[in-house]
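Enquirer: Quick one: structure below, then a few questions.
The values are calculated or read from the model by the stated rules, or taken from the named source; none is laboratory data. As the structure is a prediction and not an experimental result, all values here were calculated from the model. So basically every Cβ, Gly included, is an ideal-geometry build from the backbone, and we count neighbours across all protein chains shown.
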Amino acid sequence: MKYIDIKTKKAKVDHIRKMLGQSANWANRGLIRIFENQTADEQNMEDTVEHNGIGFTGVDGHIMSSFAKQILNKRTMSQKQQAIIFKKMPKYAGQLERMTRDVVQEKDTRKNVELNFSVIEDDELLNIYNSLQASIQYYECAEGNYLQETTERDECNRQFIKAVTEAERRGLI
C-alpha cells in the first residue's frame, strides 16, 4: 500500500512506524528529517536540550545526531548502527507524520505562486530556503503518483535554485 492511499492519521502513523522499522531508506531519511528539526545548538552538541516536542528525545539525542551527521557526510551505516536506527526510529512516526502533513499543506498553499526572492528580507529568505530544502527531501522519499511528484519536485527544485542564488548573492550561505 502506498502512503498517499492511506486515509486516516492513525493508519498513516502505523504505516510510517512499520516502514521506519524495516526500510533503511525510510529510517535513514526519517532520521535526517528529525535531526533537521533539532535546534542548531542541539545539532552541534549532539544532544537534546530543549523539550519542545520536536526532534530527538533526550535518551536518543546523542547517538541519533551522530548517526544523522554520518549519513549527511555520505557514510554508510554498519549493520549494528542500522539495527539501532531500526529500533529507535519507529517512536518518531507521529512526529514524521505531522511533518509530512505540514509539508503537504504548505505545498498546497504555495501552488502556482512565483516568489520574488529579491524583495524578501534575509531572515525570511533563509526560512524559505530551509523549507524548500525540507520539501525536496520529502519529494525524494515520497511514494505515489510518480508523474505528479516529479512535476512538483522539479518546481520545488527550480524555486530552491532561485533561493540559493539569491542567498549566495547576499552572502547568507
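Enquirer: How many residues, within the stretch 76-88, are among the hydroxyl-bearing types (Ser, Thr, Tyr) and in a helix (DSSP H, G or I)? Spell out how you get there, then give the answer.
Expert: Here is the first cut: in the stretch 76-88, the ones among the hydroxyl-bearing types (Ser, Thr, Tyr) are 76, 78.
Then drop every residue that is not in a helix (DSSP H, G or I), which leaves none.
Counting residues in the stretch 76-88 that are among the hydroxyl-bearing types (Ser, Thr, Tyr) and in a helix (DSSP H, G or I) gives 0.
Enquirer: How many residues, within the stretch 52-75, are in contact (Cβ under 8 Å) with a residue 40 or more places away in the chain and in a helix (DSSP H, G or I)?
Expert: 2
Enquirer: Let me ask another. Exactly one of (1) at pLDDT 80 or above; (2) over 18 Å from the mean Cα position of the chain (by Cα) is unmet by Gly94. Its number?
Expert: (2)
Enquirer: Can I ask one more? Among the residues of the stretch 11-35, count how many are within 20 Å of Thr76 (Cβ to Cβ) and not small (Gly, Ala, Ser). Even if it seems obvious, please write down each step before you answer.
Expert: As a first pass, look at the stretch 11-35 and keep what is within 20 Å of Thr76 (Cβ to Cβ): 19-35.
Cutting the leftovers down to not small (Gly, Ala, Ser) gives us 19-20, 22, 25-26, 28-29, 31-35.
Total meeting the criteria: 12.
Enquirer: Within the stretch 9-51, take every residue that is outside any helix (DSSP H, G or I) and under 13 Å from the mean Cα position of the chain (by Cα) and give me the one that is surrounded by the most Cβ atoms within 10 Å (Cβ to Cβ).
Expert: First pass over the stretch 9-51, keeping only residues outside any helix (DSSP H, G or I): 23, 37-39, 46-51.
Restricting the remaining residues to those that are under 13 Å from the mean Cα position of the chain (by Cα) gives 37-38.
Values: Asn37: 19, Gln38: 24.
Among them, the one singled out is Gln38.
Here is a yes/no grid of residues against (1) assigned by TED's automatic domain parsing to the domain that holds Ser135; (2) among the aliphatic types (A, V, I, L, M); (3) at pLDDT 85 or above:
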position: Thr8; (1), (2), (3): no, no, yes
position: Ala27; (1), (2), (3): no, yes, yes
position: Thr39; (1), (2), (3): no, no, no
position: Gly53; (1), (2), (3): no, no, no
position: Phe67; (1), (2), (3): no, no, yes
position: Ser78; (1), (2), (3): no, no, yes
position: Leu115; (1), (2), (3): yes, yes, no
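Enquirer: Cβ-Cβ below 8 Å, separation at least six or inter-chain, first residue in the stretch 76-100 and on the phi < 0 side of the Ramachandran plot and of a type in the set (Phe, Trp, Tyr), second buried (at least 16 other Cβ atoms within 10 Å of the Cβ) and not in a helix (DSSP H, G or I): which pairs?
Expert: Tyr92/Phe56
Enquirer: Then there is this: Is there any pair linking a residue in the stretch 157-173 that is farther than 18 Å from Ser135 by Cα to one that is surrounded by 11 or more Cβ atoms within 10 Å (Cβ to Cβ) and acidic (Asp, Glu), with Cβ under 9 Å and at least six apart or on different chains, and which?
Expert: From residues that are farther than 18 Å from Ser135 by Cα, the pairs are Arg170/Asp122; Leu172/Asp122; Leu172/Glu166.
Enquirer: Do we have Asp14 as acidic (Asp, Glu) and modelled with pLDDT of 90 or more here? It would help to see each step written out before you state the result.
Expert: Details: acidic (Asp, Glu): yes; modelled with pLDDT of 90 or more: yes.
For Asp14, the condition - acidic (Asp, Glu) and modelled with pLDDT of 90 or more - is met.
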